[in-house]
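Down below is the structure, laid out as structure tokens.
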Amino acid sequence: KNVIIFGAAMSCMEKCCRADIAFKLMDMMRIEGVSPNVHIYNSAISACARCGLWEKGLALFEEMERQGVVRDVVTYNAVLDAVCSQVVTARALFQQGVEKGFYARVSRLGKHWLELDLHFLSLGGGEIALGWWFSECLVPYLENSEKLAAVKSIDIVTGYGKTRMRGARAGDDGMR
């Protein structure tokens, strides 16, 4: 058994909302001396998001740093899905992602236009980004009547034409 086989199994557990089995797989990996990589952690955190286990998802996210596993944008999207109901925590994690450059193109502010681009964000990440954008980016324009008068367009780009509502997958995907 190796990390690729475990990764395939973890991906299946994520998609079928079986975080319990995903945790057992991670335990088996450790017993067998196979180190979880970023993809394993991302699947486990996503499984937590789908199963409403935000605390466990956050704990796995934090464990990655202790284990020396480098987080990527997928990791941040997964943890934002898991913790989006915990707005203060989610905002702090989103801000970390912004500082790491993962969400550098989310907000574009020009003299005559303001844009929020949610293309590369997960559902939970998009919700948190929207709140962040309104409070951190839009409010300064709204408080300055001269800046606001120059704005001709405010756009929110939500994606590539895909539409998914929370709980829309068969059997409810746990995203609330």
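Between Ile156 and residues 5 or more places away or on another chain, which pairs have amide H atoms under 5 Å apart, with H built 1.01 Å from N, and which residues are they?
Placed amide hydrogens put Leu116 under 5 Å from Ile156.
Which of the three applies to region 61-105, rounded, prolate or oblate, going by the alpha-carbon gyration tensor with a ≥ b ≥ c and a/c under 1.5 meaning rounded?
It is oblate, given that a/c is not under 1.5 and a/b is not larger than b/c.
How many nm separate the modelled label positions at Glu65 and Val87, each set 7 Å beyond the Cα in the direction of the Cβ?
In this crude label model, Glu65 to Val87 measures out at 2.4 nm.
Roughly speaking, what is the stretch gain from Arg105 to Phe120, that is 0.36 nm per residue apart minus the C-alpha to C-alpha distance, in nm to one decimal? Let's see the in-between values first.
Working: separation 15, 0.36 × 15 = 5.40 nm, distance 0.93 nm.
Additional length available on full extension: 4.5 nm.
Mind checking the per residue accessible area of region 40-149 for me, 1.4 Å probe, whole number of Å²?
Numbers: 5290 Å² over 110 residues.
Per-residue accessible area for region 40-149 comes out at 48 Å².
Using only C-alpha positions, report the orientation-averaged shadow area of the convex hull of the chain, nm², one decimal.
Details: hull surface 43.7 nm².
Averaged projected hull area, Cα only: 10.9 nm².
Top mean-square fluctuation among Gln96, Gln67, Gln86, Gaussian network model of the chain, C-alpha springs under 10 Å?
Residue with maximal mean-square fluctuation among Gln96, Gln67, Gln86: Gln67.
For the chain, what number of Lys pairs, 8 or more residues apart or on separate chains, have alpha-carbon atoms under 19 Å from each other?
Here the count comes out as 7.
Only Cα pairs within less than 10 Å get springs; with that Gaussian network setup on the chain, which residue of Arg30, Arg105, Arg71 has the largest fluctuation?
Arg30
Only Cα pairs within less than 10 Å get springs; with that Gaussian network setup on the chain, which residue of Leu93, Leu80, Leu138 has the largest fluctuation?
Of the options given, Leu138 has the highest mean-square fluctuation.
The values are calculated or read from the model by the stated rules, or taken from the named source; none is laboratory data. These figures come from a predicted structure and were not determined experimentally. We place every Cβ from the backbone using ideal geometry, glycine too, and count neighbours over all the protein chains shown. These area figures cover heavy atoms from the full protein model, side chains too; ligands, DNA and RNA do not enter into them. Shrake-Rupley method; radii C 1.70, N 1.55, O 1.52, S 1.80 Å.
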